[in-house]
Amino acid sequence: MSPLPFPHPLSCLGVRDREDLGTHVGRILHSRTYDQLAAKSRRSLRPLPRPARVDAFAPLEQNGKTWFQGFVGQRQGADEVAELRKVIGRGRTAEILAWGDGRVLKLYVAESHRDYVRREATTSRRVHQLGLPAPAVYDAETPDGLHEVDGRLGILYERIDGPTMMRDLGSRPWTFAAHSRKLARLHAQIHAAPGEGLPLMRPRIERSIERAGGLVSPAALRAARDRLSSLPDVRQVCHGDFHPDNVILGARGLAVVDWGPASAGHPLADVAWTYLLYRFAGVPPGTPAWLRRVISLVRRGSLRVYLQTYFAQTGSTWADLKPWLGVVAVLRLGDKIPEERDRLVRFIEREFRGHST
């Protein structure tokens, strides 16, 4: 590793060299749980994990590659479990374990509800059956196919070799335009698939509107309900958290992971989620001003290319997308990301100003 050509201005973030710099820039381009990121970066010089909306998947560095993390569990003898249970990633709700040849186990924390884990397994299984670029799910011999290790539930996934698009972008930021075009084409490919068999998105948005009463004005919430009722009820596959850190540059092509929040809904609602992520994801406290500017420029450029490519691919326009932004912002507000809350509330109020009834 070659040293940085300046005296460690990012030492508070654990940056030691160019490789670390690329890793950290890529991580914070779209990361959201920033206090956790900053705290971890001060404790360790290793690459930062990125907390995600449903699960956080930390990168595994092995033989110069980043590997997808998932989980899988079966009831095993103590010796065999000890041999297999090598944690290669950790997140807020689960750990990632290497599990045999070509497989990974996503093992949830002990208090995880079975319905929550079952939902991710079901959606992941469904999108793979549809032929979308998603890792296969290997079921256990249980009624719902979930694996279990020491009382903890897990999902066994196909292991995908390769770096995430975000990690590659962090190492080679000049590739942002090419990656953004690939991201948009991949998103359009996902949206072309029928959403039968997936949970419906619209009821989730409706529940989010009902639960936002303590943060958003009654007038804005009434307008959000009216807006949602006026939008078309389309039911295509929607990923639910589509961004470069959930796309792996695999040997056989691009692969998409973290299908837990997938649903059947309008494709432009899914695009609106990605747009809001680019717009409102912050950076960890203590990030130098110059790096904040770089991140802002890369994000804005990436978002512009992504939208232009998606619109060209699908025939949709900004005018088609804009009505979805306010209602999806309410959905995103339900994720309770502290760094985004105030900005999302202001955005929602602006979107629905003058539209209340």
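The values are calculated or read from the model by the stated rules, or taken from the named source; none is laboratory data. Small disclaimer: the values here were computed from a predicted structure and weren't measured. All Cβ positions, glycine included, derive from the backbone under ideal geometry; neighbour counts span all protein chains shown. These accessible areas exclude ligands, DNA and RNA; they are computed on the full protein's heavy atoms, side chains included. Shrake-Rupley method; radii C 1.70, N 1.55, O 1.52, S 1.80 Å.
Going through the range 346-357 one residue at a time, which ones are over 14 Å from Leu277 (Cα atoms) and either open to solvent by less than 20 Å² (accessible area, probe 1.4 Å) or in a helix (DSSP H, G or I) (or both)?
Within the range 346-357, Arg346, Ile348, Glu349, Arg350, Glu351, Phe352 qualify.
Condition check: within 23 Å of Leu307 (Cα to Cα), surrounded by fewer than 22 Cβ atoms within 10 Å (Cβ to Cβ) and among the acidic types (Asp, Glu). Does Asp233 satisfy that?
For Asp233, the condition - within 23 Å of Leu307 (Cα to Cα), surrounded by fewer than 22 Cβ atoms within 10 Å (Cβ to Cβ) and among the acidic types (Asp, Glu) - is met.
Looking at the range 100-121, is at least one residue surrounded by 22 or more Cβ atoms within 10 Å (Cβ to Cβ), over 30 Å from Leu297 (Cβ atoms) and out of contact with any strand residue (DSSP E or B) (no Cβ under 6 Å at 6 or more places or on another chain)?
yes
Find the helices (runs of 4 or more DSSP H) located wholly in the range 143-223 whose residues include 1 or more that are among the basic types (Lys, Arg) and open to solvent by 30 Å² or more (accessible area, probe 1.4 Å), and list them.
Qualifying helices (runs of 4 or more DSSP H): 176-191, 201-211.
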